[in-house]
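Input: a single structure, listed below in structure tokens.
The values are calculated or read from the model by the stated rules, or taken from the named source; none is laboratory data. Computed from a prediction, not measured in an experiment: that's the story for all the values here. Note that we place each Cβ from the backbone using ideal geometry, even for glycine, and neighbour counts take in every protein chain shown.
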Amino acid sequence: MKIIVAIKQVPERDATLAIAPDGKWIEESDLSYSINEPDAYALEEALQLKEKNGGEVIALCADPERVAATLSEALAKGADRAIHILTDSDALAQSDTLSVARLLADAVSAESPDLILTGLQSDDLGMGQTGVVLAELLGIPHATIIIQVETGPTGLCVKRELEDGWFQHVDMPVPALLAIQSGGNKLRYATLMGIKKAKSKPTITIPAAPPVSPPAIELTRAYLPEKLKRTRMLTGTPAEIAAQLVEKLQSEVHVL
């Protein structure tokens, strides 16, 4: 089974963020980056499927040159080879989901994999759309919020996590795309032997194709949340205070 895992590099969770001078994105020059956590679970799922069924795992990423470290980590953990779609950092920040999915689709089509795995969403933007759009571009079935994957004689049996402790089991043909939920497996660490082997594993770098159309979504402003400390005292009888509180939650906080 040939499995492609689409991964993304995101800022470290404890990184201190600052807005770029143009006000449209974050300042990236002093940030540390790591693999997107949901994508790490997708990679782990792919490696376990390979161990059970044999085959090949390919790490795929569309990111600037700095992603080489993350791809090396994927190779050290057990991926067989990597494909790096070289993109410009500023251009990638201004790309919408469809543009990114098109970059990935071109590389995936050339490989004709049996299975494509992505993380459920990215830790930086959190849109949760890239995998679904990629599947649509490739014309293959997809499923999201996957926590377990089993292979069968006719395809796949996947377990989806629903709300309130409910789960759904779905039989799927291959090729297919699955968006993996975090927490389904225990992530492995790269061993010293794996790190040594990663140095001899191939990584293909291909330039990103120019966009075929302008982004459908434009990011016009990025800003840090404003922190306000304000206390408002409610007076009256308990019934009057409760009525005032409900009115504030409805009209100002918008949670009711």
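Results, tabulated for the structure shown:
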quantity	calculated
Within the range 232-256, considering residues that are part of a loop (DSSP other than H, G, I, E, B) and at pLDDT 80 or above, the one farthest from TRP25 (Cα to Cα)	THR237
Scope the range 169-185; condition without any contact (Cβ under 8 Å) to a residue 60 or more places away in the chain and either in contact with an Asp or Glu (Cβ under 8 Å, 6 or more places away or on another chain) or part of a loop (DSSP other than H, G, I, E, B) (or both); matching residues	PRO173
Residue match in the range 28-42 (condition: in a strand (DSSP E or B), free of Cβ contacts under 8 Å to residues at least 40 places away in the same chain and of a type in the set (A, V, I, L, M))	yes
Subset of the range 20-46 (residues that are of a type in the set (A, V, I, L, M, F, W, C), out of contact with any strand residue (DSSP E or B) (no Cβ under 6 Å at 6 or more places or on another chain) and at pLDDT 85 or above)	ILE35, ALA40
Complete set of residues in the range 141-156 that are in contact with a strand residue (DSSP E or B) (Cβ under 8 Å, 6 or more places away or on another chain) and free of Cβ contacts under 8 Å to residues at least 12 places away in the same chain	GLU150
Leading residue by the ranking (surrounded by the most Cβ atoms within 10 Å (Cβ to Cβ)) among those in the range 202-218 that are touching a Ser or Thr at 6+ places or on another chain (Cβ under 9 Å) and under 28 Å from LEU75 (Cα atoms)	ALA208
Helices (runs of 4 or more DSSP H) lying entirely in the range 56-141 (those with 1 or more residues that are surrounded by 22 or more Cβ atoms within 10 Å (Cβ to Cβ))	68-77, 97-111, 130-138
Members of the range 160-184 that are surrounded by 17 or more Cβ atoms within 10 Å (Cβ to Cβ) and either under 15 Å from the mean Cα position of the chain (by Cα) or over 22 Å from GLY139 (Cα atoms) (or both)	GLU161, LEU177, LEU178, ALA179, ILE180, GLN181, SER182, GLY184
Failed item in (1) more than 21 Å from ILE204 (Cβ to Cβ); (2) free of Cβ contacts under 8 Å to residues at least 24 places away in the same chain, with LYS52 passing the rest	(2)
Test for GLY23: is it without any contact (Cβ under 8 Å) to a residue 12 or more places away in the chain, out of contact with any Pro (no Cβ under 6 Å at 6 or more places or on another chain), under 20 Å from GLU218 (Cβ atoms) and not hydrophobic (A, V, I, L, M, F, W, C)	no
Out of THR118, THR70, sole residue that is among the β-branched types (Val, Ile, Thr) and over 20 Å from ILE195 (Cα atoms)	THR118
Residues located in the range 43-55, provided they are over 21 Å from the mean Cα position of the chain (by Cα) and either among the polar types (S, T, N, Q) or assigned to a loop (DSSP other than H, G, I, E, B) (or both)	ASN53, GLY54, GLY55
